[in-house]
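Asks: Pasting a structure below so you can have a look.
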């Protein structure tokens, strides 16, 4: 039985102290993105999260191919929603609300890259 085709994987650091922008990836080359976004508990303030999310989503929209999918786990939905509203080229497809992760409320968002 042949092995399934493996997708190339690139890991980009979006941990506290990084900007979430300037990914070392060519534009329009990525099909899928997954990130466990900062939740605003150990990194800065909610305002900091909003700016980080906006930079990160803008970068994702730039490097992702049209119709690419993103899945994000996070605990700061209102900041992510604001960042998404200012990012051209990304559309919310599904939103799974109030998921419990280690006793904390979280959301899972599925986004799709559209034409810019």
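The values are calculated or read from the model by the stated rules, or taken from the named source; none is laboratory data. Quick caveat: nothing in here was measured; it's all calculated off a predicted structure. Glycine gets a Cβ as well: all are built from the backbone with ideal geometry, and neighbour counts include every protein chain shown.
Asks: Taking residue 74 as meeting all but one of (1) surrounded by 15 or more Cβ atoms within 10 Å (Cβ to Cβ); (2) touching a residue at least 60 places away in the same chain (Cβ under 8 Å), write down the number of the exception.
Replies: (2)
Asks: With respect to residue 110, determine if the residue is at pLDDT 95 or above and either part of a loop (DSSP other than H, G, I, E, B) or in contact with a strand residue (DSSP E or B) (Cβ under 6 Å, 6 or more places away or on another chain) (or both). Before the answer, list the steps.
Replies: Values: at pLDDT 95 or above: yes; either part of a loop (DSSP other than H, G, I, E, B) or in contact with a strand residue (DSSP E or B) (Cβ under 6 Å, 6 or more places away or on another chain) (or both): yes.
Spelling it out, residue 110 is indeed at pLDDT 95 or above and either part of a loop (DSSP other than H, G, I, E, B) or in contact with a strand residue (DSSP E or B) (Cβ under 6 Å, 6 or more places away or on another chain) (or both).
Asks: Within the set of pairs 6 or more residues apart or between chains, which connect a residue that is more than 12 Å from residue 41 (Cβ to Cβ) inside segment 101-116 to a residue that is modelled with pLDDT under 95 and assigned to a loop (DSSP other than H, G, I, E, B) with Cβ atoms less than 8 Å apart?
Replies: Every condition considered, the pairs that remain are 107/75; 113/89; 114/89; 115/89; 116/88; 116/89.
Asks: Note down all Cβ pairs under 6 Å where the first residue falls in segment 23-42 and is closer than 11 Å to residue 76 by Cα, the second is loosely packed, with under 12 Cβ neighbours inside 10 Å, and they're at least six residues apart or on different chains.
Replies: From segment 23-42, the pairs are 40/46.
Asks: Moving to a separate point now. Given the conditions (1) under 10 Å from the mean Cα position of the chain (by Cα); (2) under 16 Å from residue 113 (Cα atoms), report the number of the one that residue 85 does not fulfil.
Replies: Result: residue 85 passes all but (1).
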